[in-house]
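Here is the structure we will look at.
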Amino acid sequence: MRLQNVRVVLVETQLAANIGSAARAMKTMGLAELHLVAPRQWPHDDAVARATGAADLLQRAHVHADLDSALSGVGLVVGLSARQRHLSCPADFPRPTAGVIAAESDRQPVALLFGRERTGLTNEELDRCHRLVHIPTDPAFSSLNLAAAVQVMCYELRWHLVAGEPAPQCAEVSPPAATADEMEHFFEHLEKVLMRIDFLREENPRALMRRLRVFYNRARPDRNEMQILRGILTHVELGLDGRLGRRRS
Ligand code: SAH
């Protein structure tokens, strides 16, 4: 995937605010190539306000008089449409299409085409597309805000790029899990203490101890957590022996 080969083409966008939001959506996902076809409000403060940290994309945006110019040199044209059925070609979902875009963008520029807020893309514009994408929505209300649609498609490209990478980990490296013998010592200790506080009766300690085993094994405590658990048990014993006060002083 070469994201610098993927351009977002906004066709005759009516509101500059939407262009700003779209730029922000793109930049969060690592896309930078913004192409505007005959924008109604341009340049405009609303765009800058909505772009926040992505104003650089607006400054570098390519403004075209017509679609031909925006698609010049493009090898794959992908149209985004809020409508599910088209004459031109069947619409697919964003995720599988992201895979196609990933492969194509390694070789040639790819354009993602987004339509006007009110009327979307015209049939002529849809006919220019090699593929159509429909973001699955409630059929009774299928039209996303323009920038939201840009966000979803760009997110899918990002997802494709990072797929297979490990998800972000905790900042702290967690200690290794308690070993099997540490677990055994803990269960012996626990049983002893539960007997001493009369929670576990001699007659049938097995069933409860098994349930506790299942519970603690499921939690899979790490070494630090095991030390805490053992520490609690030791303190209970010290308390029972009346040695806590002395120990503290
Ligand atoms: N009323 C218009 C919707 C325009 S929304 C129509 O019926 O087409 C503006 C643009 O956002 C659309 O042209 C399309 O590019 C994109 N978009 C909005 N909702 C979408 C969806 N569910 N799937 C794909 N693209 C969508």
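Only the coordinates and a few stated rules stand behind these numbers; no lab work does. Because the structure is a prediction, the values reported are computed rather than measured. Reconstructed Cβ throughout: ideal geometry from the backbone, glycine too, with neighbour counts over all protein chains shown.
Miscellaneous remarks
- To the nearest ten degrees, helix 180-196 and the longest principal axis of the Cα atoms of the chain are 50 degrees apart.
- Neighbour-count ranking [beta-carbon atoms within 10 angstrom, fewest first] of 234, 97: 234, 97
- Compared with the dominant principal axis of the Cα atoms in the chain, helix 223-240 is inclined by about 30°.
- In the chain, the longest principal axis of the Cα atoms and the axis of helix 94-105 are about 60 degrees apart.
- Just checking the listed ones, 162, 193, 77: in the Gaussian network model of the chain with Cα springs under 10 Å, the one fluctuating most is 193.
- Mean ellipticity per residue at 222 nm, deg cm²/dmol - from DSSP H runs of n ≥ 4 across the chain, formula -39500 (n - 2.57): -14000 deg cm²/dmol
- Length-normalised contact order of the chain in % [C-alpha pairs under 8 Å, at least 6 apart]: 20
- Taking segment 1-41 and a reference point 7 angstrom along Cα→Cβ of residue 59, the backbone N atoms nearer than 19 Å belong to 19-28, 30-36.
- Alpha-carbon spread of segment 1-73, three principal axes, descending order, Å: 31, 27, 15
- Solvent-free Debye scattering, log10 I(q)/I(0), computed from the Cα coordinates of the chain at q = 0.09, 0.16, 0.17 Å⁻¹: -0.57, -1.10, -1.22
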